[in-house]
Amino acid sequence: MRIVVGGTPSSGKSRVVLALAQAGGFGRLGVAKLDCVTTSDDRLFAGRGLPVMALLAGRHCPDHLLMERLPDLEAWQEAQGLDTLVVETAGLCGRCAPYLADAVAVCVIDCAAGVRAPRKLGPLLADADVVVLSKGDLVSQAEREVFGAAVTSRNPGATRVWFDGLTGEGGWELARAVRARAAALPGAGPGAGLRTPLPQLYCSYCLGRSEAGIRMM
């Protein structure tokens with residue numbers, strides 16, 4: 001089984017991964033942590049006894065890095081004898097969606113970002129199987145209801161789970177939702193396709209261009 005956890009920055013993705021590991025029912029579980037410039041979450045996962053591989057995108061997009069290094073992650077999963085590989089990828093602009101066609105897609109979104117935040121996310125939210133709403137304790141009940149409705153309007157087919165990363169409340173419901181979605185997906189295999197294509201891979205700015213302005217031909 002493979003699970004891809006994406007979402008907005010600092011929304012609690014790593015806590016979601018830990019909640020899945022703690023809930024159990026996924027066999028031997030390992031984590032691939034993809035971040036931008038630096039990360040300490042690999043030590044967090046290793047401290048909980050989880051096999052972990054950390055990859056840094058540097059100046060490139062973490063979602064593109066995942067697509068490039070997916071064969072390495074598949075080989076690592078096999079070498080480690082993992083029944084479940086959870087890929088946690090850094091949250092960036094919200095335009096990309098790192099979800100694989102044969103993996104459970106989990107989107108983590110921060111309720112404190114504002115009730116309009118779900119409308120600003122593209123396939124990152126719309127393509128998810130399970131949407132985890134975090135930090136609901138920081139907003140009022142009315143805001144929670146409006147935020148939840150906004151999430152449902154963007155992705156009516158997703159399973160919504162409220163989750164508190166500090167107390168772990170909602171972790172069992174999250175694991176149950178992920179397992180249910182996994183049962184409905186095809187088995188994991190090499191060369192899985194994307195649910196939504198990424199934007200054009202690299203432009204001249206991605207490769208180091210520093211001049212301002214693009215002349216359209």
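Readers should treat all values here as calculations from the given coordinates under stated rules, not as data from a laboratory. Note that this is a predicted model, so its numbers are computed, not measured. Backbone-built Cβ (ideal geometry, glycine too); neighbour counts: all protein chains shown.
In segment 2-183, Cα pairs under 8 Å separated by at least six residues give a relative contact order of 27 percent. A Gaussian network model of the chain, with springs between Cα atoms under 10 Å, assigns the largest mean-square fluctuation among Gly12, Gly27, Gly148 to Gly27. When the chain is treated as a Gaussian network with alpha carbon springs shorter than 10 Å, the biggest mean-square fluctuation among Ala79, Ala54, Ala112 belongs to Ala79. Taken along the Cα-to-beta-carbon direction at a fixed 7 Å, the label points for Glu169 and Val146 span 2.2 nm. Within the listed set Leu29, Leu138, Leu194, the residue fluctuating most in the Gaussian network model of the chain (springs between alpha-carbon atoms under 10 angstrom) is Leu138.
Of the residues Cys107, Cys61, Cys36, the one with the fewest other Cβ atoms within 10 Å heads the list, and the complete ranking is Cys36, Cys61, Cys107. Its DSSP H runs of at least 4 residues, each contributing -39,500 (n - 2.57), put the calculated 222 nm mean residue ellipticity of the chain at -9500 deg cm²/dmol, to the nearest 500. In loop segments of segment 56-136 as defined by DSSP, the trypsin sites (Lys or Arg not before Pro) with at most 15 further C-beta atoms inside 10 Å of their C-beta are Arg59, Arg95, Arg116. Taking the fewest neighbouring Cβ atoms within 10 Å as the starting point, the ordered list for Asp41, Asp137 is Asp137, Asp41.
With semi-axes defined as the square roots of five times the eigenvalues of the C-alpha gyration tensor, the equivalent ellipsoid of segment 1-97 measures 20, 15, 12 Å, largest first. So what's the net charge close to Pro156: Lys and Arg +1, Asp and Glu -1, counting the other residues with Cβ under 13 Å from its Cβ? Local net charge: 0.
Mean separation of Cα pairs under 8 Å and 6+ residues apart, divided by the residue count of segment 3-99: what relative contact order is that in percent? Please list the in-between numbers first.
On the way: 148 pairs, mean separation 44.8, N = 97.
Computed over segment 3-99, the figure is 46 percent.
Counting every C-alpha pair in segment 2-183, the share spaced more than 30 angstrom apart comes to 12%.
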